[in-house]
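Let me begin by presenting the structure, written as structure tokens, before commenting on it.
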Amino acid sequence: MKFLHKTFELKKKEIIEVDIDVATKVKFMTGRDFKNYKLGKTYSYYGGLYDESPVRFVVPYEAVWNVVVEKGTFRNPIEVVAKCGVIPPNSTVRSSIAVDAPEHVRLAEASDLGEAALPEAEQGM
């Protein structure tokens, strides 16, 4: 499998922003998981399939983070142009939710956004 890759040494709450030109999988993982990814072993990651850009990931803890943008599959490769960088911590920026995220993750994000949109007087009702 072909992929694009970039490594960042980041602190908690810093934000990785990735711009993609086509729908593709964007994965955020630590160094150990990236090594396993390259070796075809079991690994963990944040992210998933995104069809809109930019993709934002708020770093959950200090570590060396790897950004992987997959270029399709082995049998169905695609051309992808991606750019990524780091944004300083910002309380108004939220992580992007992947299209293929589990239902409970998407529902939790929707409920968080709904509560934040209500005026303070209505939140207590």
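Each row is one residue, and each column tells you yes or no for (1) assigned to a strand (DSSP E or B); (2) over 17 Å from CYS84 (Cα atoms); (3) not β-branched (Val, Ile, Thr).
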{"site": "GLU9", "(1), (2), (3)": "yes, no, yes"}
{"site": "LYS12", "(1), (2), (3)": "no, yes, yes"}
{"site": "VAL18", "(1), (2), (3)": "yes, no, no"}
{"site": "LYS27", "(1), (2), (3)": "yes, no, yes"}
{"site": "LYS35", "(1), (2), (3)": "no, yes, yes"}
{"site": "LYS41", "(1), (2), (3)": "no, yes, yes"}
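Which one of these does VAL64 not meet: (1) within 18 Å of VAL80 (Cα to Cα); (2) exposed (fewer than 15 other Cβ atoms within 10 Å of the Cβ)?
(1)
Among (1) surrounded by fewer than 13 Cβ atoms within 10 Å (Cβ to Cβ); (2) touching a residue at least 40 places away in the same chain (Cβ under 8 Å), which single condition is GLU70 missing?
Going through the list (1) surrounded by fewer than 13 Cβ atoms within 10 Å (Cβ to Cβ); (2) touching a residue at least 40 places away in the same chain (Cβ under 8 Å), GLU70 breaks only (1).
Which one of these is surrounded by 14 or more Cβ atoms within 10 Å (Cβ to Cβ) and either of a type in the set (A, V, I, L, M, F, W, C) or more than 16 Å from ILE15 (Cβ to Cβ) (or both): VAL59, VAL99? Outline the logic, then answer.
Values: VAL99 fails: surrounded by 14 or more Cβ atoms within 10 Å (Cβ to Cβ).
That would be VAL59, the only listed residue that is surrounded by 14 or more Cβ atoms within 10 Å (Cβ to Cβ) and either of a type in the set (A, V, I, L, M, F, W, C) or more than 16 Å from ILE15 (Cβ to Cβ) (or both).
Taking the criterion of being at positive phi and either under 9 Å from the mean Cα position of the chain (by Cα) or at pLDDT below 95 (or both), would at least one residue in the range 51-61 satisfy it? Outline the logic, then answer.
Looking only at the range 51-61, we keep the residues that are at positive phi, and these are none.
Looking for residues that are at positive phi and either under 9 Å from the mean Cα position of the chain (by Cα) or at pLDDT below 95 (or both), one finds none in the range 51-61, hence no.
Can you go through VAL55, VAL64 and tell me which one is without any contact (Cβ under 8 Å) to a residue 60 or more places away in the chain, over 28 Å from GLU103 (Cα atoms) and aliphatic (A, V, I, L, M)? Even if it seems obvious, please write down each step before you answer.
Values: VAL55 fails: over 28 Å from GLU103 (Cα atoms).
Result: VAL64 is the single residue among VAL55, VAL64 that is without any contact (Cβ under 8 Å) to a residue 60 or more places away in the chain, over 28 Å from GLU103 (Cα atoms) and aliphatic (A, V, I, L, M).
Residues of the range 70-107 being assigned to a helix (DSSP H, G or I), at pLDDT below 85 and either among the acidic types (Asp, Glu) or under 22 Å from VAL18 (Cβ atoms) (or both), which ones? So that I can check it myself, show each step before the final result.
Residues of the range 70-107 assigned to a helix (DSSP H, G or I): 103-107.
Cutting the leftovers down to at pLDDT below 85 gives us 104-107.
Once the filter is applied, which keeps residues that are assigned to a helix (DSSP H, G or I), at pLDDT below 85 and either among the acidic types (Asp, Glu) or under 22 Å from VAL18 (Cβ atoms) (or both), the range 70-107 yields VAL105, ARG106.
Every residue in the range 1-40 that is in contact (Cβ under 8 Å) with a residue 40 or more places away in the chain, within 18 Å of VAL64 (Cβ to Cβ), of a type in the set (D, E, K, R) and surrounded by fewer than 15 Cβ atoms within 10 Å (Cβ to Cβ), please.
Once the filter is applied, which keeps residues that are in contact (Cβ under 8 Å) with a residue 40 or more places away in the chain, within 18 Å of VAL64 (Cβ to Cβ), of a type in the set (D, E, K, R) and surrounded by fewer than 15 Cβ atoms within 10 Å (Cβ to Cβ), the range 1-40 yields GLU9, LYS11, LYS12.
Is it the case that TYR50 is surrounded by 15 or more Cβ atoms within 10 Å (Cβ to Cβ) and in contact with a helix residue (DSSP H, G or I) (Cβ under 6 Å, 6 or more places away or on another chain)?
no
Every residue in the range 62-92 that is of a type in the set (A, V, I, L, M) and under 16 Å from the mean Cα position of the chain (by Cα), please.
So in the range 62-92, the residues of a type in the set (A, V, I, L, M) come out as 63-64, 67-69, 78, 80-82, 86-87.
Answer for the range 62-92, where residues must be of a type in the set (A, V, I, L, M) and under 16 Å from the mean Cα position of the chain (by Cα): ALA63, VAL64, VAL67, VAL68, VAL69, ALA82, VAL86, ILE87.
The values are calculated or read from the model by the stated rules, or taken from the named source; none is laboratory data. All figures in this text were calculated on a predicted structure; none of them were measured in a lab. Positions of Cβ are generated from backbone atoms using ideal geometry, with glycine treated the same way; all protein chains shown enter the neighbour counts.
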